[in-house]
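Shown next, in structure tokens, is the structure this report addresses.
The values are calculated or read from the model by the stated rules, or taken from the named source; none is laboratory data. Just so we're clear, the structure is a prediction, and the values are computed from it rather than from any experiment. Cβ placement follows ideal geometry from the backbone for every residue including glycine, while neighbour counts extend to all protein chains displayed.
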Amino acid sequence: MPKLTLEELRKLREDTKKEISKRDVSDKSILVLVGMGTCGIAAGARETLQAFVEQIEKKGLTNVVIKPTGCMGFCYVEPTVEIIMPDMPDTLYGKVKAEVVEKIVDEHIIRKQLVSEFIFDKPAVDIVK
Amino acid sequence: MGYRTYVLVCAGTACEASKSQAIYENLNKEVIAAGLEKEIQVVKTGCFGFCEKGPVVKVLPDETFYVNVKPEDATEIVKEHLVKGRNVTRLLYDKNQSKKNAKVEDIEFYQKQFRIVLRNCGLINPEDINEYIARDGYKALEKALFEMKPDDILEELKIAGLRGRGGAGFPTWKKWQITKEVNDSPKYVVCNADEGDPGAYMNRSTIEGDPHSILEAMTICGYTVGANKGYIYIRAEYPLAIKRLDIAISQAKELGLLGKDILGSGFDFDIEVRYGAGAFVCGEETALLASLEGNRGMPKPRPPFPSIKGLWNKPTVINNVETWANIPVILLKGGKWFSQIGTETSKGTKVFALTGKVNNSGLVEVPFGTTLREIIFDIGGGIKGGKKFKAVQTGGPSGGVIPEEYLDTPVDYENLTKLGSIMGSGGMIVMDETDCMVDVSKFYIQFSVDESCGKCSPCRVGGKQLLTILQKISEGKGEMDDLDRLKRIGFAMQKASLCGLGQTAPNPVLSTLKYFEKEYLEHIEEKKCRSSRCVNLLRYEIIPEKCVGCGLCAMKCPVNCISGEKRKPHYIDQEKCIKCGTCYEVCKFGAVLKE
């Protein structure tokens, strides 16, 4: 009787793969940037960031990279999140509380529809660069 | 709940020596203090290859690459980067002074590299089998056991064109096939991890960073040739690599990826680790097997080859660490994919340990066919201190030197042999204008003389004679006939020695004679060493016009050979002078002449 069957090894690989693939950034086309300045953190950006990690994992999306970044200059609508992906304009969402994250993942990333009630403005070009 | 960010800390030997363990502990402490332990994982991982700038820390998925990190930097990395998402600029790798490179892909060191062997090094935690499995680990074994017959595996390796990475470049599939077809049992699988070339450490880093890849490959080989037992022969000087191997083996056994009835296939395979006691000759396969049997490590004449009569006179497949590390990838991606990388005769990639007078020393993996110039100047960042390149030594004490005019040669087995050097295991030592070629060959011959096992006389006596002549030349007592003698002894050793050690030992002498004969002639005819390395040929003199008579040199001279009145030019007694160079270093007026 083998200690580990083929099926068990395959399952183990699938389970661990999700975790490790988050470390690999090549071949990932969707970038989610979460503003993590003092203002963002005070407004709950950490919870937002964590919610993104959970949602992306839950929906089984494998081509998304989530990165914390500095303040984007929209301190009045923190937490701010910018999403950069093919076929969609680069979009900056404001007031993205953890509860809103699922909606943005569903609408923007999966269905490719802007979530207009959370769009505020585009930051100046030099800030984005 | 998953982690959002990973902090990878290099835990290779080089980085551990510069306190990466303390960095790891401090990072963990700070992460917990910041309450981020459920969001951020700190991982110890294998060598990133960029040893020149170690210890290195990489943050993923941000791809931020921090170099020269100190344990006390942990606080800033956590508070600035992990909490606020701002890079700690001062720790980024800074190449052009003005531009800070945050991403790994921006760093020139990594741009020309292609990683097959080192695929997991610096990405996974080598002490956790689950991380290896997640990176398609043991998938090749799965494929081999359930979808392929032994002959299919051989065929795949044949298409791939994989050749032994230990030095000689023998086709791997052929080695396996010979053992498979011998009608004898039991059969053995051996991993040669007795890496002994000065300056070479690619095998150590591979094992430290990705030990399971070796275990998986050996198991596949066992299935292919019909062996149930494997040995890893590793030098005892590699304690970290040994520890990681032990952990890997016990984890694989616990999961049932080693042991009886692997994955329910009915195939049994077990691996044991054996330590080498540090003899260079034990890297030679027949000597290694003798040592593995518990005998004194001395080579045997071949044939019979180990593939037919190896360990305890039974058929044995013996491959180098790097060869093994290629196997799982070839089975998963296919031999055809592998054969597209590299040159006509040499397929795949080669790992080099780039050391010596080069700016970015470290571990480099490039496809065969990359030129020496690309490796040394693009990846290695050129010569240290803006000095002039003189030669590169490949293949350790068995290899030779390659001068500047051949820098554009694409690296593969045949080309290096044509140039009088060898691929060897992959050591690459860069030398600049301050290195003396007589001194370099003296160093390597000294090494080979020390390590000669003494069994056959061409190596035992020949090496000693080469060394004596080289010492004579470097002391300024050389004669013109000596050059001819060096060549004759060298050729005899190449032809008549029993094993690879003796056959290749004269290579450093013969290749320096071939490309730098002028330097030898200068030593013999003019009694001059242009690089000021051979101390006996040096002469220190005081220039009377420049000497102010301060007396500092006389005071510092360890043998009191400098004399003279105060405020009058001093004088060096050449009979007593030991050429230590102290006077030259202490003189504030540039009045000491060194020639």
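Looking at the stretch A:3-23, can you tell me whether even one residue there is among the hydrophobic types (A, V, I, L, M, F, W, C) and in contact (Cβ under 8 Å) with a residue 12 or more places away in the chain?
no
For the stretch B:69-162, give me every one of the helices (runs of 4 or more DSSP H) that falls completely inside it and has 2 or more residues that are at pLDDT below 85.
Fully inside the stretch B:69-162 and qualifying: B:108-111.
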### Query
In the stretch B:353-369, is there at least one residue being part of a strand (DSSP E or B) and over 18 Å from the mean Cα position of the chain (by Cα)?
no
### Task
Enumerate the pairs (first residue in the stretch B:300-321 and under 29 Å from B:Y201 (Cα atoms); second residue anywhere and crowded, with 19+ Cβ neighbours inside 10 Å and of a type in the set (F, W, Y)) with beta-carbon separation below 6 Å, excluding pairs fewer than 6 apart on the same chain, so at least 6 apart or on different chains.
B:L311/B:Y188; B:T316/B:Y188; B:V317/B:W176
#### Entry: Residue match in the stretch B:224-233 (condition: within 14 Å of another protein chain (Cβ to nearest Cβ), hydrophobic (A, V, I, L, M, F, W, C) and outside any loop (DSSP other than H, G, I, E, B))
no
### Summary
Counting only residues that are away from chain A (no Cβ under 14 Å), among the aliphatic types (A, V, I, L, M) and not in a loop (DSSP other than H, G, I, E, B), the stretch B:1-45 contains a total of 7
### Query
Does B:K260 satisfy being within 14 Å of another protein chain (Cβ to nearest Cβ), touching a strand residue (DSSP E or B) at 6+ places or on another chain (Cβ under 8 Å), without any contact (Cβ under 8 Å) to a residue 40 or more places away in the chain and among the charged types (D, E, K, R)?
no
### Query
Of everything in the stretch B:219-251 that's of a type in the set (S, T, Y) and at pLDDT 95 or above, which residue is farthest from B:Y138 (Cα to Cα)?
B:Y233
### From B:G462, B:G454, residue being of a type outside the set (K, R) and surrounded by 21 or more Cβ atoms within 10 Å (Cβ to Cβ)
B:G462
#### Entry: Scan of the stretch B:235-251 for residues that are surrounded by fewer than 24 Cβ atoms within 10 Å (Cβ to Cβ) and either within 14 Å of chain A (Cβ to nearest Cβ) or within 22 Å of the chain's Cα centre (by Cα) (or both), ordered by number
B:R235, B:A236, B:E237, B:Y238, B:P239, B:L240, B:I242, B:K243, B:R244, B:S250, B:Q251
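Just to verify a result, which residue in the stretch A:10-24, among those that are of a type in the set (K, R) and not in a loop (DSSP other than H, G, I, E, B), is surrounded by the most Cβ atoms within 10 Å (Cβ to Cβ)? It would help to see each step written out before you state the result.
Filtering the stretch A:10-24 down to residues of a type in the set (K, R) leaves A:10-11, A:13, A:17-18, A:22-23.
Checking the rest, the ones that are also not in a loop (DSSP other than H, G, I, E, B) come to A:10-11, A:13, A:17-18.
Numbers: A:R10: 14, A:K11: 11, A:R13: 20, A:K17: 16, A:K18: 14.
Out of the qualifying residues, it is A:R13.
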### Task
Sort out which residues of the stretch B:1-35 are among the hydrophobic types (A, V, I, L, M, F, W, C) and buried (at least 19 other Cβ atoms within 10 Å of the Cβ), and write them in order of number.
B:V7, B:L8, B:V9, B:C10, B:A11, B:A14, B:C15, B:I23, B:L27, B:V31
### Message
Quick check on the stretch B:412-434: of everything there that is charged (D, E, K, R) and either buried (at least 21 other Cβ atoms within 10 Å of the Cβ) or part of a helix (DSSP H, G or I) (or both), which residue is farthest from the chain's Cα centre (by Cα)?
### Response
B:K418
### Query
Restricting to helices (runs of 4 or more DSSP H) lying wholly in the stretch B:461-555: which have 1 or more residues that are hydrophobic (A, V, I, L, M, F, W, C), under 25 Å from B:A168 (Cβ atoms) and in contact (Cβ under 8 Å) with a residue 24 or more places away in the chain?
B:480-496, B:500-504, B:507-515
### Query
Only one of B:I116, B:I129 is aliphatic (A, V, I, L, M) and within 13 Å of chain A (Cβ to nearest Cβ); which?
B:I129
## Note on the structure
Note on B:I207: of the conditions (1) part of a strand (DSSP E or B); (2) under 17 Å from the mean Cα position of the chain (by Cα); (3) of a type in the set (A, V, I, L, M, F, W, C), unmet is (1)
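Condition check ((1) under 24 Å from B:E195 (Cβ atoms); (2) within 14 Å of chain A (Cβ to nearest Cβ); (3) free of Cβ contacts under 8 Å to residues at least 60 places away in the same chain; (4) outside any loop (DSSP other than H, G, I, E, B)) across all residues:
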position	(1), (2), (3), (4)
B:Y275	yes, no, yes, yes
B:V281	yes, no, no, yes
B:S291	yes, no, yes, yes
B:N295	yes, no, yes, no
B:M298	yes, no, no, no
### Task
Go through the stretch B:61-80 and give me each residue that's within 18 Å of B:K19 (Cα to Cα) and either surrounded by fewer than 24 Cβ atoms within 10 Å (Cβ to Cβ) or acidic (D, E) (or both).
B:V67, B:N68, B:K70, B:P71, B:E72, B:D73, B:T75, B:E76
### Task
Mind listing whichever residues of the stretch B:270-285 are crowded, with 24+ Cβ neighbours inside 10 Å and at pLDDT 95 or above?
none
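Here's a check for you: in the stretch A:25-61, which residue that is under 11 Å from the mean Cα position of the chain (by Cα) and among the polar types (S, T, N, Q) is surrounded by the most Cβ atoms within 10 Å (Cβ to Cβ)?
If we take residues in the stretch A:25-61 being under 11 Å from the mean Cα position of the chain (by Cα) and among the polar types (S, T, N, Q), then A:T48 is surrounded by the most Cβ atoms within 10 Å (Cβ to Cβ).
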### Candidates B:K588, B:K566, B:K576, B:K495, filtered to the one that is among the basic types (K, R) and within 41 Å of the chain's Cα centre (by Cα)
B:K495
### Task
Consider B:K388 carefully, then state whether it is farther than 29 Å from B:I178 by Cα, among the basic types (K, R) and surrounded by fewer than 24 Cβ atoms within 10 Å (Cβ to Cβ).
yes
### Summary
Of the conditions (1) under 18 Å from A:F120 (Cα atoms); (2) more than 8 Å from every other protein chain (Cβ to nearest Cβ), the single one that A:V34 does not satisfy is (2)
### Task
Filter the stretch A:45-97 down to residues that are among the acidic types (D, E) and over 21 Å from B:K38 (Cα atoms), then give me how many there are.
4
### Query
Looking at the stretch A:40-97, which of the residues that are out of contact with any Lys or Arg (no Cβ under 8 Å at 6 or more places or on another chain) and charged (D, E, K, R) is farthest from the other protein chains (Cβ to nearest Cβ)?
A:K95
### Task
Please give the helices (runs of 4 or more DSSP H) falling wholly within the stretch A:28-129 in which 3 or more residues are in contact with a helix residue (DSSP H, G or I) (Cβ under 6 Å, 6 or more places away or on another chain), closer than 25 Å to B:E80 by Cβ and modelled with pLDDT of 85 or more.
A:45-58
## Note on the structure
Inside the stretch B:491-502, the number of residues satisfying the requirement of being out of contact with any Ser or Thr (no Cβ under 8 Å at 6 or more places or on another chain), surrounded by 22 or more Cβ atoms within 10 Å (Cβ to Cβ) and not aliphatic (A, V, I, L, M) is 1
### Task
Taking B:E254 as meeting all but one of (1) surrounded by fewer than 22 Cβ atoms within 10 Å (Cβ to Cβ); (2) under 24 Å from the mean Cα position of the chain (by Cα), write down the number of the exception.
(2)
